[in-house]
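Encoded as structure tokens, the structure appears first; notes follow it.
The values are calculated or read from the model by the stated rules, or taken from the named source; none is laboratory data. Predicted model, so just to flag it, every value in this text is computed and none were measured. Quick reminder, even Gly has a Cβ in these numbers, built from the backbone with ideal geometry, and neighbours come from all protein chains shown. Quick note on the areas: whole protein, heavy atoms, side chains included, nothing else; ligands and nucleic acids left out. Shrake-Rupley method; radii C 1.70, N 1.55, O 1.52, S 1.80 Å.
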Amino acid sequence: MTRPIVESTEGVTLVAGGPVTRRDLSVALARAPVLVAADGGGDSALRLGRLPQAVIGDMDSLSHEGREALRGRVHHLPEQETTDFDKCLRSIRAPFVLALGVAGARIDHGLAVMNVLVRRTEPVCLLVGPQDVVFHAPPELRLRLKVGERISLFPLGPVTGESRGLRWPIDGIPFAPDGRVGTSNAVAEPEVRLAFDGPGMLVILPRARLDRALRALVPGWRAGATTAARGR
């Protein structure tokens, strides 16, 4: 395996070139204090007053001013077979990644990101958007949530599963991206249990449930356990 560009025992916040607010970045860094940028995300980080540890990508978006300000931190991976998001995930070794601004305003970019999310199982990665948290479901998952909250399941491949604690159980349903999907389900019990027969299912939760998702996906993680945010 090629040596990763970024190695960390703590979570990594990955900023891409899509919309990212100062508050979003602060929320992510409080949980994942190592900052990395994907190509043009380097400009976003600088605009928000942060200095990323590394900028990774094919460098078709990072401005000249950004290159100068981030000299020595830019890692140019010129191949065009993969996206900058893919390049970043394969270059990071960490317990988990919180990704901001990766989908942007373009549907094709968003679809490409979701494709990578289900293909790369390491590191654990959660997409943090303005309203949602999105992640690839492991084979078994337990979530502590509030009764009545939204939970959506969206397949990027054929997959079936079982559930406990959902208003509309999924047991035996054949999900597929061109068939049955599971958007806008709801929590019926305080603990939701999900199990899937293979990879490919995305779980989409309200943004406010980021910490609950981290507890379920990252063994030993707890809020407030990280060091102070870096790159100030």
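So the values come out like this:
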item: Leading residue by the ranking (nearest to Pro19 (Cα to Cα)) among those in segment 99-117 that are among the hydrophobic types (A, V, I, L, M, F, W, C) and open to solvent by 40 Å² or more (accessible area, probe 1.4 Å); result: Ala105
item: Unique residue being closer than 26 Å to Val218 by Cα, touching a strand residue (DSSP E or B) at 6+ places or on another chain (Cβ under 8 Å) and among the aliphatic types (A, V, I, L, M) when the list is Ala112, Ala16; result: Ala16
item: Failed condition for Arg120, given (1) surrounded by fewer than 19 Cβ atoms within 10 Å (Cβ to Cβ); (2) over 29 Å from Ala94 (Cα atoms); result: (2)
item: Residue pairs meeting the criteria (Cβ under 8 Å; at least 6 apart or on separate chains; first more than 12 Å from Pro169 (Cα to Cα) and surrounded by 12 or more Cβ atoms within 10 Å (Cβ to Cβ), in segment 179-201; second at pLDDT 95 or above and among the aromatic types (Phe, Trp, Tyr)); result: Val181/Phe154; Val181/Phe175; Met201/Phe154; Met201/Phe175
item: Residue in segment 127-135 that is more than 10 Å from the chain's Cα centre (by Cα), under 15 Å from Pro177 (Cα atoms) and not β-branched (Val, Ile, Thr) present; result: no
item: Selected residue (only one of Arg106, Arg144, Arg67 is of a type in the set (Lys, Arg) and more than 26 Å from Arg47 (Cβ to Cβ)); result: Arg144
item: Residue list for segment 99-108, filter: at pLDDT below 95 and under 16 Å from the mean Cα position of the chain (by Cα); result: Gly101, Val102, Ala103, Gly104
item: Cβ-Cβ under 6 Å pairs, at least 6 apart or on other chains, segment 83-111 side closer than 16 Å to Glu122 by Cα and without any contact (Cβ under 8 Å) to a residue 60 or more places away in the chain, far side open to solvent by less than 10 Å² (accessible area, probe 1.4 Å) and part of a helix (DSSP H, G or I); result: Asp86/Val116
item: First in segment 127-156 and within 16 Å of Met114 (Cα to Cα) and without any contact (Cβ under 8 Å) to a residue 40 or more places away in the chain, second anywhere and open to solvent by 30 Å² or more (accessible area, probe 1.4 Å) and not polar (S, T, N, Q), Cβ under 8 Å, 6 or more apart; result: Leu127/Ala103
item: Flag if Arg207 is over 24 Å from Leu14 (Cβ atoms), open to solvent by 10 Å² or more (accessible area, probe 1.4 Å) and charged (D, E, K, R); result: no
item: Elements of type helices (runs of 4 or more DSSP H) contained in segment 1-98, each with 1 or more residues being modelled with pLDDT of 95 or more, open to solvent by 10 Å² or more (accessible area, probe 1.4 Å) and among the β-branched types (Val, Ile, Thr); result: 22-31
